[in-house]
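S.K.: I have a structure here, written as structure tokens, and I will follow up with some questions on it.
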Amino acid sequence: MPRRKLSEYRSKKLVNDILGLKYEGWSVASPEETTKVGGYDSYVVKVDQAVKGRFKKGLVLLDVAQSDLRNAVTELQNKGYSSFLIEPYVTHEQTEERYLAMTHDRSGYHLLCSNKGGVNIEQNAKSIEKYFISDDLDWEAVVEKTGIPHSSLQKLVQLFKDNFFVFLEINPYVVTAKGMNILDCAIEVDDAAMYFVDGWNEEDIRHPSMNAKREEEEEVKRLDANSPASFNLSVLNPDGSVFLLLSGGGASVVIADEVHNLGLGKELANYGEYSGNPNTEETFIYTSQVLKLMLASKAKNKVLFVGGAVANFTDIANTFAGIIQALDVYGNDLKKQGIKIYVRRGGPRQEIGLAKIEAALKKHGLFGGVYNPKTSIPEALHTALKGLK
């Protein structure tokens, strides 16, 4: 997956360390591990699995006594989670909360900040100021707005670049006479850089479904274990509107990244791919899982993008035959929901495969567009997602 979320524990360690701040926190995976926590009278216990809106979902427990830590982790574990963060409980005034974020896109690096941070930052979106990070940036204005020294801001920018971050959010943080206190921190990284950095690794990656796998994810896991081909599927947003059915290789990364670049990252429902020339039956099984997820999504408008680069040896006609079989099974339900499907693919026997899948999509009233390699992946994807922006 191109964009992956780090644990809050690792995120805070990276940020605090670069700023020279002391960080007290414990990453635990079970109630038994709470025995390693100590030194404070009261704690915060929260799920550390890239779950958004944790406070509103009851996944953050405040002012927990040392003697209650085991029970607190058990309570959260019983809700289906397996990664937790324990920190000292620090009181502060909500009016002191601030917001800072950094992003990276094709145009470069951006810094966003607000003096109205916290869980309701989206309701205070108008308070967010955005700066393009360049040699011309007025850093004094940013220092005044954020309350963070220029040297610390520069260190955060360098941390962002050196560790291949694509997103950094510190929300909220509090500035006091003693310095900066980071209360929550989220980082997304480009996982292609995993073998080039020392600050994070695969063990630091988190996603909401990592513990309680959906039936469709488990089915794909079984499929992968029993096939010489390769299959993987991760649910990112069960109620997303953008679904992907991708064939492996660099194109899969390009497609998922392009969805984010178009501003639809939060609508991305799944990520996964098949590779290694799967047969028709295997492709049918894999496609069926993606279509079942799509039908279950509560999004009003949904699009499926079937994509990939030009394959070297994967038989396009054979794999598309499996996709067509799945469309024959779920076609009526997909049509009832007004779903459109777009295809961009190339490789051995592409003419046969593309012609047959175009006919199948038109037969079921699902046709959005079918493209061969003469149309670039971004161009085809832009057309597919145009109606969702």
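S.K.: Could you check region 85-98 and list, in sequence order, the residues that are of a type in the set (A, V, I, L, M, F, W, C) and at pLDDT below 95?
M.R.: Within region 85-98, VAL90 is the sole residue that qualifies.
S.K.: Give me the residue from region 289-323 that is open to solvent by 30 Å² or more (accessible area, probe 1.4 Å) and touching a helix residue (DSSP H, G or I) at 6+ places or on another chain (Cβ under 7 Å) and, out of that set, nearest to VAL235 (Cα to Cα).
M.R.: Step by step, filter region 289-323, then rank; the result is LYS292.
S.K.: Select from region 76-96 the residues that are touching a strand residue (DSSP E or B) at 6+ places or on another chain (Cβ under 9 Å) and more than 19 Å from GLY25 (Cβ to Cβ) and list them in ascending order.
M.R.: The answer is LYS79, GLU93, GLN94, GLU96.
S.K.: Moving to a separate point now. Select, from GLU203, GLU258, GLU267, the only residue that is among the acidic types (Asp, Glu), open to solvent by less than 40 Å² (accessible area, probe 1.4 Å) and over 20 Å from PHE320 (Cα atoms).
M.R.: Within the list GLU203, GLU258, GLU267, the selection yields GLU258.
S.K.: Output the number of the condition that ASN277 fails; it satisfies all remaining conditions of (1) open to solvent by 50 Å² or more (accessible area, probe 1.4 Å); (2) touching a Phe, Trp or Tyr at 6+ places or on another chain (Cβ under 8 Å); (3) in a helix (DSSP H, G or I).
M.R.: (3)
S.K.: Moving on. Would you pick out the residues in region 164-200 that are more than 17 Å from the chain's Cα centre (by Cα), more than 14 Å from TYR99 (Cα to Cα) and surrounded by fewer than 17 Cβ atoms within 10 Å (Cβ to Cβ)?
M.R.: Listed by number, the residues that qualify are THR176, ALA177, LYS178, GLY179, TYR195, PHE196, VAL197, ASP198.
S.K.: Of all residues in region 49-101, how many are open to solvent by 90 Å² or more (accessible area, probe 1.4 Å), more than 25 Å from the chain's Cα centre (by Cα) and in contact (Cβ under 8 Å) with a residue 40 or more places away in the chain?
M.R.: Residues that pass the stated criteria total 1.
S.K.: Restricting attention to region 363-389, which residues are in a loop (DSSP other than H, G, I, E, B) and either buried (at least 20 other Cβ atoms within 10 Å of the Cβ) or touching a strand residue (DSSP E or B) at 6+ places or on another chain (Cβ under 8 Å) (or both)?
M.R.: LEU366, ASN372, PRO373, THR375
S.K.: Taking ASP224, is it part of a loop (DSSP other than H, G, I, E, B), open to solvent by 20 Å² or more (accessible area, probe 1.4 Å) and charged (D, E, K, R)?
M.R.: no
S.K.: Those residues that are under 24 Å from the mean Cα position of the chain (by Cα), over 21 Å from ASP68 (Cβ atoms) and in a loop (DSSP other than H, G, I, E, B), I need them from region 1-48; list them, please.
M.R.: MET1, PRO2, SER7
S.K.: Kindly establish whether SER134 is more than 27 Å from ASN237 (Cα to Cα), surrounded by 12 or more Cβ atoms within 10 Å (Cβ to Cβ), out of contact with any His (no Cβ under 9 Å at 6 or more places or on another chain) and not aliphatic (A, V, I, L, M).
M.R.: It is false that SER134 is more than 27 Å from ASN237 (Cα to Cα), surrounded by 12 or more Cβ atoms within 10 Å (Cβ to Cβ), out of contact with any His (no Cβ under 9 Å at 6 or more places or on another chain) and not aliphatic (A, V, I, L, M).
S.K.: If LYS340 passes every condition in (1) open to solvent by less than 30 Å² (accessible area, probe 1.4 Å); (2) touching a strand residue (DSSP E or B) at 6+ places or on another chain (Cβ under 7 Å) but one, which one does it miss?
M.R.: Going through (1) open to solvent by less than 30 Å² (accessible area, probe 1.4 Å); (2) touching a strand residue (DSSP E or B) at 6+ places or on another chain (Cβ under 7 Å) one by one, LYS340 breaks only (1).
S.K.: Against the conditions (1) open to solvent by less than 40 Å² (accessible area, probe 1.4 Å); (2) free of Cβ contacts under 8 Å to residues at least 60 places away in the same chain, where does LEU236 fall short? Just the number, please.
M.R.: Among (1) open to solvent by less than 40 Å² (accessible area, probe 1.4 Å); (2) free of Cβ contacts under 8 Å to residues at least 60 places away in the same chain, the lone unmet condition for LEU236 is (1).
A quick yes/no check of all residues on (1) at pLDDT below 95; (2) closer than 26 Å to GLU267 by Cβ; (3) in a strand (DSSP E or B); (4) in the same structural domain as TYR271 (by TED's automatic domain parsing):
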site	(1), (2), (3), (4)
GLY308	yes, yes, yes, yes
THR314	yes, no, no, yes
ILE323	no, yes, no, yes
LEU361	no, yes, no, yes
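The values are calculated or read from the model by the stated rules, or taken from the named source; none is laboratory data. Just so it is clear, the model here is predicted, and its values are computed rather than measured. A quick note on method: Cβ atoms are made from the backbone with ideal geometry, for glycine too, and the neighbour counts reach across all protein chains shown. In case anyone asks, the SASA skips ligands and DNA or RNA and just uses the protein heavy atoms, side chains included. Shrake-Rupley method; radii C 1.70, N 1.55, O 1.52, S 1.80 Å.
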